[in-house]
Structure formats: C-alpha cells, structure tokens
C-alpha cells in the first residue's frame, strides 16, 4: 500500500508448506527459488525509467530559470523518485528544500513525516502530518500516516482515532481495516477482533487482500494466504507488491503472538522485495529496529 506519495508472468504453482508455514513455489520463469524454508521473490530491480526521471529533473533544476514554486514542485517530484528506489536521505533533502521554497506544499510535509516515523522522530512526524492537514484537509493519507506515527510512538488510543477516521473514508479497503485493527488491538484485543470480524463485510471477496483479514481471524493459514496471493498475477511487479504487503501483515500477526523469530523473518522477506514505495516495506524496517532494540534491553 502506498504511503500517499505521488507514484506476462507464467503461472506459478504452489508446491508445499515450509517450516515457517510459508508456501514454497516454483515457476518455469525461474524467478522464485525454494531456499529450504522460505519463498524468495526476485527483488525489484532499480528502475531505469526512474533513474532517467531523476536525471531529467536534475538537469532542469540546474539549468532552468525557475520560480520558487516551480523549483519546489520539481524538488518534490525528484524526492519521490529517490524514494521509489530507496535513496531515502536524498529524498529527505529534496523534500526539506521543497518545503523551504514552498511552505504550503502539503505533499512534501506528508513525505517528511513518513521519514520521521522511520527514524523514530515521532514528535516531528506529528507536526509534519498536522501541517499537511492544516494546508490541505483533504489529503487523507496524512490521517493514516499520523495514526501510524502515533501507534509507533506508543499512543495507541489516539492512533486508533486516526486509523478509524481513515477507514471510514473507504471501508472497502482491506489495508485500512488492517491498520485499524492493528491500532485498536492495543487497546482492547477482544473487542478489536470482534470488530474486525464484523467490518470485513465491507471488503469484497474479489479483493485478494481480504485473505489477510481472514488470516487475522484464524480462518486461513499462511499457505492459503500465499495461494490466494498468487491468483491472477499479471506481472513480476504486481507479485512483488503483494508479497511485500502479505509478509508485513503476517509478520505483525506473529509479533502480536510473541513469535518474534518468525515475525523477524517475515519483515525481512517484505524488505527483500525492494518495493520501497509501500508503507509495508518502510515499516518492516521499523519493526526490525524495534525488535533489535528490545533484544538489547
């Protein structure tokens, strides 16, 4: 799932369930390997198109006579491009410069806030998302992102307020419902599970990620999640996107049950897809950092 930033595969056959209950699969495309216990997707390659976009924006920024507003917009777009290929530090530099030149650039404030979450600077993240919504109250992804910041910042009740508001805007979105559950379960696990069961009625059976909700309700296992994930995949990129999402949410499921070792492996699998644009990829690294910090305590 995107964080709010501006952004023929042959049949795969499920073979077996691994020791981590991940389905191992093979394909005559050769893009997946069974490494004993893990389903490994070939990571997304660095996009040549995005690299060319960065080069073009850079050329314009250096050569063209631009107004501050125009320069800010280009810096923001180049920051998005850097973000899309995992160059976070360069992205943040561009976002900050864009805001300096155009303080009312809501999208840039939102992007800065997402990076503050990743570095654990939660107060700055709250300020960035508040600024986004003050400038543009309709920039709805900032509501989710603020809720995520509050969640990782240990303020679960406020987090649930934001994720619920975000879910209400599009109840059919399974990812909104999952984030709502992830924040609500911190406050009242029994009630959160019952609400998840009731709210899934809004998610169509045709949406593949509905199976993640069923997984959280203990109605399916990891192998069934992977089997559903593989249905109707039309490209390698689409498959990696799904793997990135599924591994993160399965990791969160196991983390909530104290299965830290299994959760850690799932977060690493989410990172291995190289789908840098998705919040699931961004927050898998946050989860791993939190797990390492707990080990040192």
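The values are calculated or read from the model by the stated rules, or taken from the named source; none is laboratory data. All values derive from a computational prediction rather than experimental measurement. With ideal geometry, Cβ positions are generated from the backbone for all residues, glycine too; neighbour counts draw on all protein chains shown.
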Options 117, 135, 112: the member that is under 15 Å from the mean Cα position of the chain (by Cα) and under 30 Å from residue 88 (Cα atoms):
117
Set 38, 15: member being at pLDDT below 95 and surrounded by 15 or more Cβ atoms within 10 Å (Cβ to Cβ):
38
Among the residues of region 226-235, is any closer than 23 Å to residue 264 by Cβ, touching a helix residue (DSSP H, G or I) at 6+ places or on another chain (Cβ under 9 Å) and surrounded by 17 or more Cβ atoms within 10 Å (Cβ to Cβ)?
yes
Looking only at region 177-223, which residues are closer than 21 Å to residue 164 by Cβ and not in a helix (DSSP H, G or I)?
185, 186, 187, 188, 203, 204, 207, 209, 217
